[in-house]
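This report concerns only the one structure given below.
The values are calculated or read from the model by the stated rules, or taken from the named source; none is laboratory data. Computed from a prediction, not measured in an experiment: that's the story for all the values here. Note: ideal-geometry Cβ built from the backbone for every residue, glycine included; neighbour counts use all protein chains shown. Keep in mind that these areas ignore ligands, DNA and RNA; they rest on the heavy atoms of the full protein, side chains included. Shrake-Rupley method; radii C 1.70, N 1.55, O 1.52, S 1.80 Å.
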Number of protein chains: 2
Amino acid sequence: MNTLSYGLLSLLSKDSRTGYELMQHIQPFWPAKHSQIYPLLAQLEQMGYVEFVHVPQSDKPDKKVYSLTASGLKALQEWIGLPTDAPVTRDEFALKVYCIGLVDKDEAMKMLLERENYYIQKKEQYGESFEKVKRLSKKPLEELEIHDPLFGNYVLIRKATLKVEADLFWCEWMKSKLK
Amino acid sequence: MNTLSYGLLSLLSKDSRTGYELMQHIQPFWPAKHSQIYPLLAQLEQMGYVEFVHVPQSDKPDKKVYSLTASGLKALQEWIGLPTDAPVTRDEFALKVYCIGLVDKDEAMKMLLERENYYIQKKEQYGESFEKVKRLSKKPLEELEIHDPLFGNYVLIRKATLKVEADLFWCEWMKSKLK
DNA sequence: CTTGGCATGTAACCCGTTACATGATTTG
DNA sequence: CAAATCATGTAACGGGTTACATGCCAAG
């Protein structure tokens, strides 16, 4: 059982989903390709942590809809109580910034603006996710409490938004340094 | 040539270093173990991007001090101009927060405080790095410009500090949600 | 008429971690 | 006396990406 496996159980604790959907929705938390997810789902099924139903479709390919079992839920809750690994970030851009003095100001500024655009797009995406959660929720988001199914979504979007705002602030600050 | 290889060249563009030192100093940018670095250095040497001198030591084991060659510098500068991969973060804590509703408020608060402590320690570390750079610099840090060898260090510590402050702000906000 | 989305799976490969191996000195 | 630091390396394993494979439908 690796972290990605628990990640899949985490998503399934809220909704039954196909492998394809799991692949799409786990990206913000733990990037993974379908080629990694399908074999793990087969494993989880053999361990009895998930089960699936075949759903034939006429217009699209048939699919397998996975759900969390009682023993899967138990495993998930135990994992939450276990010590948590430190986050790992790998950012090629940071390596380039470290030795940015090797290129001239113009090229450095070009790189910075590209990265700033990337952050702007991310911020927009988080804004859309926020609106989506707002629409799904009956209560105003500030009133959501821990056991609301949307609580996790809400607080993680807030976390991502704060992070991207810090990144954009840094970009602004950097621009003044490269003038 | 993978990203880590360019990372090693990036560090060597500032100082000649041993594999061991490279392993220590690349951690904030691109976490890697010595077992990954030593074979890459051997490759880089065969490609002519780095060279080394044997330095016998009496008290400690002998070492190989690596330096960047002219062709290594060229490769490094070309890499900087190439498109940059998006950053990748994997955070087990985020997965747990997503389904935090599966445990009670007390356990959730315990997890949050643990993570907050982790961030506090990180912030202290960045503070120390900042002081270290300040001591090494002849000029006040705000006056460093792009071609100063300390510029990269300075702006990356600033970036990391802004990030950890955003994380701590989020923790404070979360604590009020779990009361 | 080609590209992208839906939907599943396998195989080969590269990247990264853990473990094995050695050995002296310093610190607790 | 045990653990940590310096210092280098290899081997085995698990995690993650790219590529191979299939096939239908919708949109540009």
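Scanning segment A:10-49 for residues that are more than 13 Å from DNA strand C (Cβ to nearest atom), farther than 25 Å from residue A:161 by Cα and among the aromatic types (Phe, Trp, Tyr) yields a single hit, A:49.
Could you say which residue among B:107, B:142, B:172, B:78 is acidic (Asp, Glu) and either closer than 25 Å to residue B:30 by Cα or in the same structural domain as residue B:15 (by TED's automatic domain parsing) (or both)?
On the way: B:107 fails: either closer than 25 Å to residue B:30 by Cα or in the same structural domain as residue B:15 (by TED's automatic domain parsing) (or both); B:142 fails: either closer than 25 Å to residue B:30 by Cα or in the same structural domain as residue B:15 (by TED's automatic domain parsing) (or both); B:172 fails: either closer than 25 Å to residue B:30 by Cα or in the same structural domain as residue B:15 (by TED's automatic domain parsing) (or both).
After applying the criteria, what remains is B:78.
When the helices (runs of 4 or more DSSP H) confined to segment B:1-119 are screened for residues that are within 30 Å of residue B:179 (Cα to Cα), those reaching at least 2 such residues are found at B:92-98. With respect to residue A:73, is the statement that it is surrounded by fewer than 19 Cβ atoms within 10 Å (Cβ to Cβ) and assigned by TED's automatic domain parsing to the domain that holds residue A:22 true? In short, yes. Once segment B:134-157 is narrowed to residues that are more than 7 Å from chain A (Cβ to nearest Cβ) and surrounded by 17 or more Cβ atoms within 10 Å (Cβ to Cβ), the residue that is farthest from residue A:173 (Cα to Cα) is B:137.
Any residue that is under 18 Å from the mean Cα position of the chain (by Cα) and either without any contact (Cβ under 8 Å) to a residue 40 or more places away in the chain or within 12 Å of DNA strand C (Cβ to nearest atom) (or both) - is there at least one of those in segment B:59-82? Yes, that holds for at least one residue.
Looking only at residues that are of a type outside the set (Val, Ile, Thr) and buried (at least 19 other Cβ atoms within 10 Å of the Cβ) in segment A:76-92, which one is nearest to residue A:18 (Cα to Cα)? Spell out the reasoning first.
Kept after step one, since they are of a type outside the set (Val, Ile, Thr), are these residues of segment A:76-92: A:76-79, A:81-83, A:85-87, A:90-92.
Adding the requirement that they be buried (at least 19 other Cβ atoms within 10 Å of the Cβ) leaves A:76, A:79, A:91-92.
Numbers: A:76: 19, A:79: 23, A:91: 31, A:92: 33 Å.
Here the answer is A:76.
One residue stands out in segment A:165-179 among those that are facing another protein chain (nearest Cβ under 9 Å) and in a helix (DSSP H, G or I): the one that is nearest to residue A:125 (Cα to Cα), namely A:165. For segment B:93-133, the set of residues classified as open to solvent by less than 20 Å² (accessible area, probe 1.4 Å) and under 22 Å from residue A:95 (Cβ atoms) consists of B:133 only.
How many residues does segment A:18-67 contain that are open to solvent by 40 Å² or more (accessible area, probe 1.4 Å) and within 21 Å of residue B:95 (Cβ to Cβ)?
At the first step, the residues of segment A:18-67 found to be open to solvent by 40 Å² or more (accessible area, probe 1.4 Å) are A:20-21, A:24-25, A:27-28, A:30, A:33-36, A:38-39, A:42-43, A:45-47, A:49, A:51-64.
Going one step further and asking which of them are within 21 Å of residue B:95 (Cβ to Cβ), we end up with A:20-21, A:24-25, A:27-28, A:30, A:33-36, A:38-39, A:42-43, A:45, A:47, A:49.
So the answer is 18.
Being more than 13 Å from the chain's Cα centre (by Cα) and more than 11 Å from DNA strand D (Cβ to nearest atom) is a condition met by at least one residue of segment A:28-41.
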